[in-house]
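Engineer: Attaching a single structure in C-alpha coordinates format; questions to follow.
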Amino acid sequence: MADPMLRAAIELHDRFTHEGMDRRLFMTRLTRIAGSAAAASALLGSIACHAAAAPQVAADDARVRGRAIEWEPRPGRRYRGYMVEPAQAHGPPPLVMVVHENRGLNEHIRDVARRAAVAGFSALAPDFLSTAGGTPDNDEDRARTMIGALDLGETAADGAATIRWHASRAGGARKVGCVGFCWGGG
(Lines give C-alpha, C1' and ligand atoms only; values in the text may rest on other atoms or scores of the structure.)
Protein backbone atom coordinates (compact mmCIF):
# COMPACT_ATOMS: atom_id res chain seq x y z
CA MET A 1 0.00 0.00 0.00
CA ALA A 2 1.34 3.40 -0.96
CA ASP A 3 2.03 5.82 1.87
CA PRO A 4 -0.26 8.55 0.45
CA MET A 5 -3.16 6.05 0.39
CA LEU A 6 -2.56 5.02 3.99
CA ARG A 7 -2.22 8.65 5.07
CA ALA A 8 -5.50 9.55 3.31
CA ALA A 9 -7.28 6.59 4.94
CA ILE A 10 -6.02 7.52 8.40
CA GLU A 11 -7.04 11.17 7.95
CA LEU A 12 -10.50 10.05 6.80
CA HIS A 13 -10.81 7.70 9.78
CA ASP A 14 -9.87 10.57 12.11
CA ARG A 15 -12.65 12.71 10.60
CA PHE A 16 -15.10 9.81 10.98
CA THR A 17 -14.07 9.18 14.58
CA HIS A 18 -13.80 12.76 15.81
CA GLU A 19 -16.05 14.91 13.62
CA GLY A 20 -19.31 13.00 13.51
CA MET A 21 -19.14 11.70 9.93
CA ASP A 22 -21.73 8.96 9.47
CA ARG A 23 -20.55 5.43 8.76
CA ARG A 24 -22.08 5.16 5.28
CA LEU A 25 -20.27 8.29 4.05
CA PHE A 26 -17.06 7.12 5.71
CA MET A 27 -17.20 3.71 4.00
CA THR A 28 -18.07 5.30 0.63
CA ARG A 29 -15.03 7.55 0.85
CA LEU A 30 -12.78 4.77 2.17
CA THR A 31 -13.87 2.57 -0.76
CA ARG A 32 -12.89 5.37 -3.13
CA ILE A 33 -9.44 5.59 -1.50
CA ALA A 34 -8.88 1.80 -1.41
CA GLY A 35 -10.33 1.01 -4.84
CA SER A 36 -12.97 -1.55 -3.82
CA ALA A 37 -15.28 -2.42 -0.94
CA ALA A 38 -13.22 -5.52 -0.12
CA ALA A 39 -10.00 -3.50 -0.02
CA ALA A 40 -11.73 -0.84 2.12
CA SER A 41 -12.80 -3.48 4.65
CA ALA A 42 -9.27 -4.85 4.85
CA LEU A 43 -7.84 -1.34 5.15
CA LEU A 44 -10.29 -0.44 7.92
CA GLY A 45 -9.11 -3.42 9.95
CA SER A 46 -5.56 -2.11 9.84
CA ILE A 47 -6.25 1.54 10.74
CA ALA A 48 -9.15 1.37 13.21
CA CYS A 49 -8.48 1.42 16.92
CA HIS A 50 -9.41 -1.76 18.73
CA ALA A 51 -10.59 -1.20 22.30
CA ALA A 52 -10.12 -4.87 23.17
CA ALA A 53 -6.51 -5.02 21.94
CA ALA A 54 -4.07 -6.63 24.34
CA PRO A 55 -3.96 -4.57 27.52
CA GLN A 56 -0.65 -3.35 28.90
CA VAL A 57 -1.84 -4.13 32.44
CA ALA A 58 -4.19 -7.12 32.69
CA ALA A 59 -7.35 -6.83 34.78
CA ASP A 60 -6.05 -9.56 37.11
CA ASP A 61 -2.56 -8.04 37.50
CA ALA A 62 -1.46 -8.47 41.15
CA ARG A 63 -0.11 -4.90 41.27
CA VAL A 64 -3.61 -3.38 41.10
CA ARG A 65 -7.08 -3.78 42.57
CA GLY A 66 -9.81 -2.80 40.12
CA ARG A 67 -13.57 -2.92 40.44
CA ALA A 68 -16.77 -1.57 38.96
CA ILE A 69 -18.34 1.11 41.16
CA GLU A 70 -21.48 3.24 41.27
CA TRP A 71 -22.01 6.67 42.84
CA GLU A 72 -24.27 9.69 42.67
CA PRO A 73 -22.17 12.80 41.96
CA ARG A 74 -25.25 15.02 42.13
CA PRO A 75 -28.83 14.27 43.19
CA GLY A 76 -30.58 12.12 40.61
CA ARG A 77 -27.43 11.59 38.50
CA ARG A 78 -26.37 7.95 38.98
CA TYR A 79 -22.98 7.01 37.56
CA ARG A 80 -21.07 3.80 36.94
CA GLY A 81 -17.36 3.56 36.41
CA TYR A 82 -14.15 1.69 36.98
CA MET A 83 -11.97 2.33 40.04
CA VAL A 84 -8.41 1.01 40.28
CA GLU A 85 -5.94 1.38 43.12
CA PRO A 86 -2.38 0.23 43.63
CA ALA A 87 -2.34 -3.05 45.54
CA GLN A 88 0.45 -1.77 47.80
CA ALA A 89 -0.62 1.83 48.53
CA HIS A 90 0.74 3.45 51.68
CA GLY A 91 -1.89 6.02 52.54
CA PRO A 92 -4.36 7.46 50.06
CA PRO A 93 -2.65 7.91 46.69
CA PRO A 94 -3.42 10.89 44.46
CA LEU A 95 -6.36 10.40 42.09
CA VAL A 96 -6.27 10.46 38.30
CA MET A 97 -9.66 10.77 36.63
CA VAL A 98 -9.47 9.01 33.26
CA VAL A 99 -12.01 10.57 30.88
CA HIS A 100 -12.97 8.28 28.03
CA GLU A 101 -13.10 8.95 24.33
CA ASN A 102 -16.24 9.23 22.21
CA ARG A 103 -16.64 5.45 22.28
CA GLY A 104 -17.48 5.50 25.98
CA LEU A 105 -15.91 3.53 28.82
CA ASN A 106 -14.25 0.59 27.10
CA GLU A 107 -11.46 -1.87 27.79
CA HIS A 108 -8.79 0.51 26.48
CA ILE A 109 -9.80 3.17 29.03
CA ARG A 110 -9.88 0.56 31.81
CA ASP A 111 -6.34 -0.42 30.79
CA VAL A 112 -5.22 3.24 30.97
CA ALA A 113 -6.68 3.39 34.50
CA ARG A 114 -4.76 0.24 35.47
CA ARG A 115 -1.55 1.77 34.09
CA ALA A 116 -2.11 4.81 36.31
CA ALA A 117 -2.56 2.50 39.32
CA VAL A 118 0.69 0.68 38.51
CA ALA A 119 2.35 4.13 38.56
CA GLY A 120 1.05 4.68 42.11
CA PHE A 121 -2.21 6.57 41.56
CA SER A 122 -5.81 5.75 42.31
CA ALA A 123 -7.62 5.95 38.99
CA LEU A 124 -11.30 6.53 38.41
CA ALA A 125 -12.75 6.11 34.93
CA PRO A 126 -16.37 7.33 35.00
CA ASP A 127 -18.77 6.19 32.30
CA PHE A 128 -20.02 9.59 31.20
CA LEU A 129 -22.78 7.80 29.27
CA SER A 130 -24.22 6.47 32.56
CA THR A 131 -27.11 8.95 32.55
CA ALA A 132 -28.04 7.77 29.04
CA GLY A 133 -28.01 4.08 29.96
CA GLY A 134 -24.25 3.47 29.91
CA THR A 135 -21.74 2.65 27.21
CA PRO A 136 -23.30 0.14 24.81
CA ASP A 137 -21.44 -3.15 24.43
CA ASN A 138 -19.66 -3.57 21.08
CA ASP A 139 -21.43 -0.65 19.37
CA GLU A 140 -19.01 2.23 18.89
CA ASP A 141 -21.31 3.99 16.41
CA ARG A 142 -24.13 4.09 18.95
CA ALA A 143 -21.73 5.30 21.66
CA ARG A 144 -20.57 8.15 19.39
CA THR A 145 -24.19 9.13 18.76
CA MET A 146 -24.93 9.04 22.49
CA ILE A 147 -21.86 11.18 23.27
CA GLY A 148 -23.10 13.76 20.76
CA ALA A 149 -26.43 13.98 22.58
CA LEU A 150 -24.92 14.68 26.03
CA ASP A 151 -25.42 18.08 27.63
CA LEU A 152 -21.79 19.11 28.03
CA GLY A 153 -22.52 21.53 30.87
CA GLU A 154 -24.31 18.84 32.88
CA THR A 155 -21.62 16.30 32.07
CA ALA A 156 -18.80 18.66 33.13
CA ALA A 157 -20.70 19.41 36.36
CA ASP A 158 -20.99 15.65 36.97
CA GLY A 159 -17.23 15.29 36.45
CA ALA A 160 -16.43 18.05 38.95
CA ALA A 161 -18.94 16.61 41.44
CA THR A 162 -17.37 13.17 40.99
CA ILE A 163 -14.01 14.56 42.09
CA ARG A 164 -15.63 16.14 45.16
CA TRP A 165 -17.44 12.84 45.88
CA HIS A 166 -14.16 10.92 45.73
CA ALA A 167 -12.38 13.41 48.01
CA SER A 168 -15.19 13.13 50.59
CA ARG A 169 -14.85 9.34 50.91
CA ALA A 170 -12.70 7.79 53.62
CA GLY A 171 -9.26 7.53 52.06
CA GLY A 172 -10.27 9.86 49.23
CA ALA A 173 -7.51 11.69 47.41
CA ARG A 174 -6.67 15.30 48.18
CA LYS A 175 -4.53 15.67 45.05
CA VAL A 176 -6.32 15.12 41.76
CA GLY A 177 -5.27 15.04 38.13
CA CYS A 178 -7.17 14.31 34.97
CA VAL A 179 -6.29 12.73 31.65
CA GLY A 180 -8.64 12.50 28.70
CA PHE A 181 -8.70 11.08 25.21
CA CYS A 182 -10.53 12.23 22.08
CA TRP A 183 -13.88 13.56 23.41
CA GLY A 184 -12.49 13.42 26.95
CA GLY A 185 -9.35 15.34 25.99
CA GLY A 186 -11.29 18.41 24.98
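To keep it simple, each residue is scored yes or no on (1) more than 12 Å from Trp183 (Cβ to Cβ); (2) buried (at least 22 other Cβ atoms within 10 Å of the Cβ); (3) touching an Asp or Glu at 6+ places or on another chain (Cβ under 9 Å); (4) among the hydrophobic types (A, V, I, L, M, F, W, C).
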| site | (1), (2), (3), (4) |
| --- | --- |
| Glu101 | no, yes, no, no |
| Arg115 | yes, no, no, no |
| Leu124 | yes, yes, no, yes |
| Thr131 | yes, no, yes, no |
| Gly153 | yes, no, no, no |
| Ala160 | yes, no, no, yes |
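Engineer: From the list Phe128, Phe26, which residue is in contact with a Phe, Trp or Tyr (Cβ under 9 Å, 6 or more places away or on another chain) and assigned by TED's automatic domain parsing to the domain that holds Leu12?
Structural biologist: Checking each option against the conditions leaves just Phe26.
Engineer: Next question. Quick one: would you say Gly171 is touching a residue at least 60 places away in the same chain (Cβ under 8 Å) and surrounded by fewer than 14 Cβ atoms within 10 Å (Cβ to Cβ)?
Structural biologist: Considered against the rule, which asks whether it is touching a residue at least 60 places away in the same chain (Cβ under 8 Å) and surrounded by fewer than 14 Cβ atoms within 10 Å (Cβ to Cβ), Gly171 comes out as yes.
Engineer: Looking for whichever is of a type outside the set (Phe, Trp, Tyr), out of contact with any Leu (no Cβ under 6 Å at 6 or more places or on another chain) and farther than 30 Å from Phe26 by Cβ here; the options are Ala149, Ala113, Ala59, Ala156. Which one fits?
Structural biologist: Matching residue, one of Ala149, Ala113, Ala59, Ala156: Ala59.
Engineer: Could you check the range 61-82 and list, in sequence order, the residues that are among the small types (Gly, Ala, Ser) and either touching a residue at least 12 places away in the same chain (Cβ under 8 Å) or outside the structural domain of Ala161 (by TED's automatic domain parsing) (or both)?
Structural biologist: Hits for the range 61-82 are Ala62, Gly66, Ala68, Gly81.
Engineer: Is at least one residue of the range 88-97 under 24 Å from Thr17 (Cα atoms) and either hydrophobic (A, V, I, L, M, F, W, C) or out of contact with any strand residue (DSSP E or B) (no Cβ under 9 Å at 6 or more places or on another chain) (or both)?
Structural biologist: Checked the range 88-97: at least one residue is under 24 Å from Thr17 (Cα atoms) and either hydrophobic (A, V, I, L, M, F, W, C) or out of contact with any strand residue (DSSP E or B) (no Cβ under 9 Å at 6 or more places or on another chain) (or both).
Engineer: Where in the range 71-179 are there strands (runs of 3 or more DSSP E), lying fully within it, with 3 or more residues that are in contact with a Lys or Arg (Cβ under 7 Å, 6 or more places away or on another chain)?
Structural biologist: The strands (runs of 3 or more DSSP E) meeting that bar are 77-86.
Engineer: Here's a follow-up. Filter the range 28-57 for residues that are under 20 Å from Phe181 (Cα atoms) and small (Gly, Ala, Ser); which is modelled with the highest pLDDT?
Structural biologist: The qualifying residue modelled with the highest pLDDT is Ala48.
The values are calculated or read from the model by the stated rules, or taken from the named source; none is laboratory data. Fair warning: this is a prediction, and the values are worked out from it, not measured in the lab. Counting neighbours? That spans all protein chains shown, and the Cβs are built from the backbone with ideal geometry, glycine included.
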